[in-house]
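In what follows, a single structure is set out as structure tokens and then discussed.
FYI, it's all coordinate maths here, none of it is from the lab. In this text, all values refer to a predicted model and were calculated from it rather than measured experimentally. Glycine also receives a Cβ, built like all others from the backbone with ideal geometry; neighbour counts cover every protein chain displayed.
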Amino acid sequence: MRLLQLKKNLFTKIAFMFLVAGLISSCSKDKNNVDDPRAGYPKTVSIEYRVTALSAGLTNLDIRYTNETGADTELTAQSLPFSKIIRKSVTYASDVAVSITSNAPGSAKLEIFVDGKSVASASPVSQQYLNGIALYAFH
């Protein structure tokens, strides 16, 4: 009887050790399979900003966009449609934006393209003063 109980205890301890070892090894594998979202950054991309009028009376706007250095470039009374392409080195979680302001009513479409792919857009509408922004964060 005592021998049988000793065998049971030994079997239980060995089974428990294998269970713990299996859990530890399976958890460590998960850590290695997680993709780092920052992988591939910094990188150089082509960024295109587009602003087009959606209402007939809107012919020019004040436009601000993120330039190659990361600062803002401001253009006053810019004729529409507007398009600007830049090449910029970007890091993970950095962002770019294009914004408009006008003392006139109307509607416009703001778009941002990265390497030819549309990544952000906005279509503000106003009966008095038109303001809008399109923003994209790299991830």
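Counting Lys and Arg as +1 and Asp and Glu as -1, what is the net charge of the other residues whose Cβ lies under 15 Å from the Cβ of Leu54? Result for the local shell: +1.
For His139, neighbours were defined as the other residues whose beta-carbon sits under 15 Å from its Cβ, and their charges (Lys and Arg +1, Asp and Glu -1) total -1.
Remark: segment 43-137 carries a charge dipole of roughly 200 debye about the Cα centre, counting +1 on each Lys and Arg Cβ and -1 on each Asp and Glu Cβ.
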